[in-house]
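Heads up, the thing below is written out as structure tokens.
The values are calculated or read from the model by the stated rules, or taken from the named source; none is laboratory data. Everything numeric in this text was worked out from a predicted model, so none of it was measured. For neighbour counting, all protein chains shown are included, and Cβ atoms are generated from backbone atoms with ideal geometry for every residue, glycine included. Ligands, DNA and RNA are stripped out before the accessible areas are found, and what is left, the full protein with its side chains, is counted by its heavy atoms. Shrake-Rupley method; radii C 1.70, N 1.55, O 1.52, S 1.80 Å.
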Amino acid sequence: MLISNIIAHRGASALAPENTLAAFRKASEIGAKWVEFDVMLAACGEAVVIHDETLDRTTNGQGRVMDYPYSWLQTLDAGSWFNPIFSREKIPTLADVLLVLNQLDLGLNIEIKPAAGYEDETVKKVLDVIQLNWPADKKPPLISSFSKIVLETVRQYSSTHLLAYLMDEWRTDWKKACDDLNCVSVDINHHILNPARVDEVKSTNRLILSYTVDDPMIARQLFDWGVDSIFSNCPTGMQCFLRQPKTQKM
């Protein structure tokens, strides 16, 4: 599997409202080859693409995502908070997003963000939607989560899906967890990285991805240390300062 060294974080989220179809289309338009986005469940069990557990920041709704069926969530405005020209953007379903990404030929990193206690239901739904909507001949999705329960649940249902272990704070037991889960990648907050930690991850023959990087000088330093890929809100800005884009084998 090949992964781009720059991944559009929640789509091109510096240029369009995050986790909307507009953001994914914009990412493709500016030359991104991979995108990252977040998935959780609506009350009806539909897998929807949104980052926060609550609606308040990125829509004109209020309350928890999981408390409402998608029939109501899809009526919300998910774009005006960013710019009024995006007022018609909606919270997309995972199936909607997979359809568009397939058409745009984009690679994808799906971060599963379940409500507490809904890990099993969320994982099962995400895997079902992928199986139904993502062509088998396309590069497979990379599935990531901060929740070890989520990653373990993915492994219970699938031995073949590609997993990434997310760390916002450094955990000394990361290697055992990655070995147990057969993770192909470790995705790490760039603020906690240093050359020694990058070397530690790379010595296990795993990819190391780092988030969220919008400063070209920080990106250059991370690549110099050996980081394979960064998540950026504006991947075009990164391209102006970095080496030629390449792909990394996963």
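Here the condition is being surrounded by fewer than 23 Cβ atoms within 10 Å (Cβ to Cβ), assigned to a loop (DSSP other than H, G, I, E, B) and either free of Cβ contacts under 8 Å to residues at least 40 places away in the same chain or among the aromatic types (Phe, Trp, Tyr) (or both); of Trp81, Trp72, it holds for Trp81 alone.
Gly117 - would you say it is part of a loop (DSSP other than H, G, I, E, B), among the small types (Gly, Ala, Ser) and surrounded by 14 or more Cβ atoms within 10 Å (Cβ to Cβ)? In short, no.
Tell me, which residue of segment 17-60 that is more than 23 Å from Gly107 (Cα to Cα) and in contact (Cβ under 8 Å) with a residue 60 or more places away in the chain is nearest to the chain's Cα centre (by Cα)? The extreme case among them is Glu53. If you go through segment 41-59 and keep only what is outside any loop (DSSP other than H, G, I, E, B) and farther than 17 Å from Pro92 by Cβ, you end up with just Thr54. Could you go through segment 130-142 and let me know if any residue there is within 26 Å of Asp187 (Cα to Cα) and small (Gly, Ala, Ser). Among the residues of segment 130-142, at least one is within 26 Å of Asp187 (Cα to Cα) and small (Gly, Ala, Ser), which makes the answer yes. Considering segment 60-69, and only residues there that are part of a loop (DSSP other than H, G, I, E, B) and at negative phi, the residue that is least open to solvent (accessible area, probe 1.4 Å) turns out to be Gly61. For segment 171-205, a residue qualifies if it is of a type in the set (Ser, Thr, Tyr) and touching a residue at least 60 places away in the same chain (Cβ under 8 Å), and exactly one does: Ser185.
Only one of the numbered conditions (1) open to solvent by less than 40 Å² (accessible area, probe 1.4 Å); (2) within 25 Å of Trp134 (Cα to Cα) is violated by Asp105, and that is (1). Mind checking whether some residue in segment 84-96 is buried (at least 21 other Cβ atoms within 10 Å of the Cβ) and outside any loop (DSSP other than H, G, I, E, B)? Within segment 84-96 (the criterion being buried (at least 21 other Cβ atoms within 10 Å of the Cβ) and outside any loop (DSSP other than H, G, I, E, B)), the answer is yes, since at least one residue qualifies. Taking the residues in segment 209-239 that are more than 16 Å from Leu15 (Cα to Cα) and polar (S, T, N, Q) as candidates, determine which candidate is farthest from the chain's Cα centre (by Cα). Taking the candidates together, the pick is Gln221. Within segment 233-247, at least one residue is modelled with pLDDT of 90 or more, of a type outside the set (Phe, Trp, Tyr) and open to solvent by less than 70 Å² (accessible area, probe 1.4 Å). Can you tell me which of Glu36, Glu18 is assigned to a strand (DSSP E or B) and among the charged types (D, E, K, R)? The unique qualifying residue is Glu36.
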